[in-house]
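The values are calculated or read from the model by the stated rules, or taken from the named source; none is laboratory data. Keep in mind that this is a model prediction, so the values were computed, not measured. As a convention, Cβ positions derive from the backbone with ideal geometry for all residues, glycine included, and neighbour counts pool all protein chains shown. Heads up: the accessible areas ignore ligands, DNA and RNA and are worked out on the full protein's heavy atoms, side chains in. Shrake-Rupley method; radii C 1.70, N 1.55, O 1.52, S 1.80 Å.
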Amino acid sequence: MKIYWIKAQAPRRVLALAKHLGLDAEFIESNGKMKTPEYARLNPNMKAPTMVDGDVVLWEASAIMAYLCIKAGSDMWPANNPAEQVEVLRWLSWNDQHWAKAVGDFYFEHIVKATFHIGPPDRDALPDKVPELKRFAAVLDHHLEGREFVACQRLTIADFQLAAMAHYWREAEMPLQEFRQVTRWLDRLAQIPAWADPWPR
Ligand SMILES: N[C@@H](CCC(=O)N[C@@H](CS)C(=O)NCC(=O)O)C(=O)O
């Protein structure tokens, strides 16, 4: 199996899961190599992550995570439990429609720019984003009352999906301090070795 990655939040979810599940894969760092015709044949979006496993070529981190769980026999994607699948799917969708957009500008200004050396953070761009961030952080905070994990009362791919950018909340200056359940959940995830350090050597 090959996993194409760059040091960014979507590949991070897949790398962390592969490491957490102990999957054997060739990890191919692809920064600066995704706009080639060869890569575009695998992933027409020319983005990372991309996974190739025999004849299976897959892009979109959440789909790759589900595939890896099925391959490893892990219930982090509950392939054999329709009710749990619906529960996880709800949070994957919520992330993509709401949460990722709410935290994304903070992550971009502070983490993406620093990682890829594309200039200093534009802090003036962020105050306008605070109300939307707090609106959805409140939804998650309420949901996490009395829960350790986002879905199914155990670690699932929904946790990795939702935490991918929020993991950096302190460095990215996301105003999440008041959302104690969210920060507790993020700190708890950060104790998982593969989540804390997902990057291949
Ligand atoms: N929805 C996609 C997001 C893919 C994506 O946007 N990847 C970013 C990194 S987080 C990327 O490859 N950026 C480099 C580029 O656009 O050139 C997924 O979940 O896999």
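Worth a mention:
- With a requirement of 3 or more residues that are away from the ligand (no atom under 12 Å from the Cβ) and either within 19 Å of the chain's Cα centre (by Cα) or more than 22 Å from residue 158 (Cα to Cα) (or both), the strands (runs of 3 or more DSSP E) lying completely within region 20-90 that satisfy it span 26-29.
- Any hit, region 18-40, residues being among the hydrophobic types (A, V, I, L, M, F, W, C), touching a helix residue (DSSP H, G or I) at 6+ places or on another chain (Cβ under 9 Å) and closer than 22 Å to residue 186 by Cβ: yes
- Of residues in region 1-19 being more than 25 Å from residue 118 (Cα to Cα) and either within 9 Å of the ligand (Cβ to nearest atom) or basic (Lys, Arg) (or both), the one nearest to the chain's Cα centre (by Cα): 19
- Condition broken by residue 63, with the remaining ones in (1) open to solvent by 50 Å² or more (accessible area, probe 1.4 Å); (2) at negative phi; (3) assigned by TED's automatic domain parsing to the domain that holds residue 10 satisfied: (1)
- Qualifying residue in region 95-112 (condition: open to solvent by 20 Å² or more (accessible area, probe 1.4 Å) and more than 15 Å from the ligand (Cβ to nearest atom)): no
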